[in-house]
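A.B. asks: Dumping the structure here so I can ask a few things about it.
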Amino acid sequence: MDLSYQMPTQVIFGKGCVKKHGDIFGHHGKKALIVTGKNSARISGALEEVCAALSSVSVSWSVYDEIQPNPCIENVRDAADKARSEKADFIIGIGGGSPMDAAKAVAVLAVNNLADNTLFSGPYEKMPLPVIAVPTTAGTGSEVTPYSILTDMSNKTKKNLSHVTLFPRVAFLDATYTEKLPYEVTVNTAIDALSHSVESILSRKSNAMSTMIALESLRMLGPALGLLDDTLTIDFQTREKLLLGAMLGGMAIAQTGTTVVHAMGYSLTFFNNIDHGKANGLLLCEYLSYVQTHNLKKIAGILDAMGMNSLEELQSLINKQMKPSLTLTDEEISLYTEMALMAKSVENTVPKPTAADIRTLYRKSLGKL
Ligand code: NAP
Ligand code: ZN
C-alpha cells in the first residue's frame, strides 16, 4: 500500500489557540509582517489576538492590509517591498486563501529578486521566510499546502506557485474567526473544500494515505454543508467541522494536487468574477458524472462518505446553497477550454480530458440549454 505523505506544518487547532500557544510566534524571529486583506483580519478578531500574542513574546510587527481577493502578482510584490523595508524575519498570513497564499509569495519575494516566470518555476537562491497561517475562512486549506495561487493579469489566468518550502511552519485554526463570515462566503468556501477532497480522491496522484484523509474530510463536510441555511444559525461545532474538513482537504491536495475542475474554474473567476469556491461548485457534478462512466466505484465511495445516495442529491444541495445563475456563451466556452488545457492540474485528471471533453463539461454545467 502506498502511504507516502509529507506535510511539515505544525497544526494548532481549537478555540483560543492563538492566545494559548502565543509563545510559538517568538520561535520565528523578532519582527513579523502581517499580510492580510482589507477587513477579514479585523472582523474575525484574529488580528487583535495575534498582535496580543506577538506583544506577549516581544515580537514587533507591521501590517500590510491591502491583499485583494485572488491576489495578483503586482499585489504580492507590493507587500514584499514592505517586508523588505520593514526587515521582517517572518510573515503571518491572516484571512482566507487570498491573504494566506499572498503571505507565501511574499515570503519568497522578500528575500529573492525574481522575474514573474522564475517566481513560479524557481529556483530560489534564498529560502523563503517562515510563514505562519491563520485562516478566517473554512475552505482553501492553504494553511497546510505548499501552494500559492496568484492571478497573472498579463496571461489572464491564475497560476500556481508550488514549492515544498512554502508549507507554512505553523497553522493556527480557531473556528471563532469564521463566525462572522457572510452566508455566501461560508457556502462558497465549504464547497471549495469539498471539491478539494473529491478531486484529491480522483487525482492520478492519489494514494491510500491521501484518500483516507480526503474521505474523512468528506464525512465532515457533507453533513455540515447540509446544515447551512441563510439564517446563518450555524453552531460552533458545525463551524469547527467545516474548518477541520477544509484543513483535511488541504492536506489531501498537498499530496495530490487538484484536477480539471480547478483548471476550468480559474476562467470563471478571472472573466466572470465568480468566487473561487463557487466556480468549482458550478462544475463539480458534471465532472463527477464524467468520471463516473469510467469509475463508478470511486464516485459511489465519495457520495457515501458525504452521506449521499446519488449525484442528483449532491447537485440539488449545491443548487440550494449556491443558487447558480451563470450562463456562458459558445465563445466563452471555447476560450475557457483553451485556457484550462494549459493548467497543470488537467494532467491529474483520470481519464485525462480532451479539449472536446472540457468543452462538453462547460456546456453541460453552464451552457445555454
Ligand atoms: P478570500 O478571497 O480569501 O476571501 C473572500 C472574502 O471573504 C474577502 O472579501 C475577505 O475579506 C472575506 N473574509 C475572509 N474571512 C472573513 C471573515 N472571517 N469574516 C468576514 N469576511 C471575511 O476567499 P477564499 O475562498 O478563502 O480564498 C480564495 C483564494 O484561495 C483564491 O485565490 C484561490 O485560488 C486560493 N486557493 C488556494 C489554495 C491553496 O492550496 N493555496 C487552495 C484553494 C484555493 P478581505 O478582503 O478582508 O480578506
Ligand atoms: Zn480550491
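The values are calculated or read from the model by the stated rules, or taken from the named source; none is laboratory data. This structure is a prediction, so every number in the text was calculated from the model and none was measured. For neighbour counting, all protein chains shown are included, and Cβ atoms are generated from backbone atoms with ideal geometry for every residue, glycine included.
A.B. asks: Among the residues of region 46-86, write down those that are farther than 22 Å from VAL108 by Cβ and within 21 Å of the chain's Cα centre (by Cα).
C.D. replies: Within region 46-86, ALA46, LEU47 meet the criteria.
A.B. asks: Say whether the condition of being of a type in the set (Phe, Trp, Tyr), at pLDDT 95 or above and either surrounded by fewer than 24 Cβ atoms within 10 Å (Cβ to Cβ) or within 16 Å of ligand 2 (Cβ to nearest atom) (or both) is met by at least one residue in region 76-90.
C.D. replies: No: zero hits.
A.B. asks: Given the criteria basic (Lys, Arg), more than 11 Å from ligand 1 (Cβ to nearest atom) and closer than 30 Å to GLY29 by Cα, does ARG169 qualify?
C.D. replies: yes
A.B. asks: Right, next: Got a number for residues in region 344-364 being closer than 18 Å to GLY281 by Cα and among the hydrophobic types (A, V, I, L, M, F, W, C)?
C.D. replies: Final tally of qualifying residues: 3.
A.B. asks: Is there a residue in region 245-253 that is more than 12 Å from ligand 1 (Cβ to nearest atom) and crowded, with 20+ Cβ neighbours inside 10 Å?
C.D. replies: Yes - at least one qualifying residue is present in region 245-253.
A.B. asks: Quick check on this structure: which one of ASN112, ASN160 is over 30 Å from ASP230 (Cα atoms) and free of Cβ contacts under 8 Å to residues at least 24 places away in the same chain?
C.D. replies: Answer to the check: ASN112.
A.B. asks: Considering LEU282, LEU317, which residue is surrounded by fewer than 22 Cβ atoms within 10 Å (Cβ to Cβ), more than 23 Å from PRO99 (Cβ to Cβ) and of a type outside the set (D, E, K, R)?
C.D. replies: The conditions single out LEU317.
Per-residue answers, yes or no, for (1) of a type in the set (S, T, N, Q); (2) without any contact (Cβ under 8 Å) to a residue 60 or more places away in the chain; (3) out of contact with any helix residue (DSSP H, G or I) (no Cβ under 6 Å at 6 or more places or on another chain); (4) over 27 Å from LYS19 (Cβ atoms):
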position	(1), (2), (3), (4)
ALA53	no, yes, no, no
VAL57	no, yes, no, no
PRO71	no, no, no, yes
ALA80	no, yes, no, yes
ILE91	no, yes, no, no
GLY97	no, no, no, no
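A.B. asks: Determine whether ALA208 is of a type outside the set (Lys, Arg), at pLDDT 95 or above and more than 16 Å from ligand 2 (Cβ to nearest atom).
C.D. replies: Against the criterion (of a type outside the set (Lys, Arg), at pLDDT 95 or above and more than 16 Å from ligand 2 (Cβ to nearest atom)), ALA208 qualifies.
A.B. asks: Identify, by number, the condition in (1) within 26 Å of MET308 (Cβ to Cβ); (2) at pLDDT 95 or above; (3) more than 14 Å from the chain's Cα centre (by Cα); (4) of a type in the set (S, T, N, Q) that THR231 doesn't meet.
C.D. replies: Tallying (1) within 26 Å of MET308 (Cβ to Cβ); (2) at pLDDT 95 or above; (3) more than 14 Å from the chain's Cα centre (by Cα); (4) of a type in the set (S, T, N, Q), THR231 fails exactly one: (2).
A.B. asks: Read through the list (1) over 19 Å from HIS196 (Cβ atoms); (2) within 15 Å of ligand 1 (Cβ to nearest atom), then give the number of the only condition that THR256 fails.
C.D. replies: THR256 satisfies every listed condition except (1).
A.B. asks: Would you confirm whether any residue within region 185-196 is in contact (Cβ under 8 Å) with a residue 24 or more places away in the chain and either on the phi > 0 side of the Ramachandran plot or outside any helix (DSSP H, G or I) (or both)?
C.D. replies: no
A.B. asks: Let me ask you something else. What are the residues in region 273-297 that are within 14 Å of ligand 2 (Cβ to nearest atom) and either without any contact (Cβ under 8 Å) to a residue 40 or more places away in the chain or farther than 18 Å from ARG359 by Cα (or both), if any?
C.D. replies: Across region 273-297, the qualifying residues are ILE274, ASP275, HIS276, GLY277, LYS278, ALA279.
A.B. asks: Give me the pairs, please: first residue somewhere in region 237-257 and in contact (Cβ under 8 Å) with a residue 40 or more places away in the chain and at positive phi, second residue anywhere and away from ligand 1 (no atom under 12 Å from the Cβ) and in a helix (DSSP H, G or I), beta-carbon distance under 6 Å, and either six or more positions apart or on two chains.
C.D. replies: GLY257/ASN348
A.B. asks: Taking into account only those residues within region 263-272 that are touching a residue at least 24 places away in the same chain (Cβ under 8 Å) and touching a Lys or Arg at 6+ places or on another chain (Cβ under 9 Å), which is farthest from ligand 1 (Cβ to nearest atom)?
C.D. replies: PHE271
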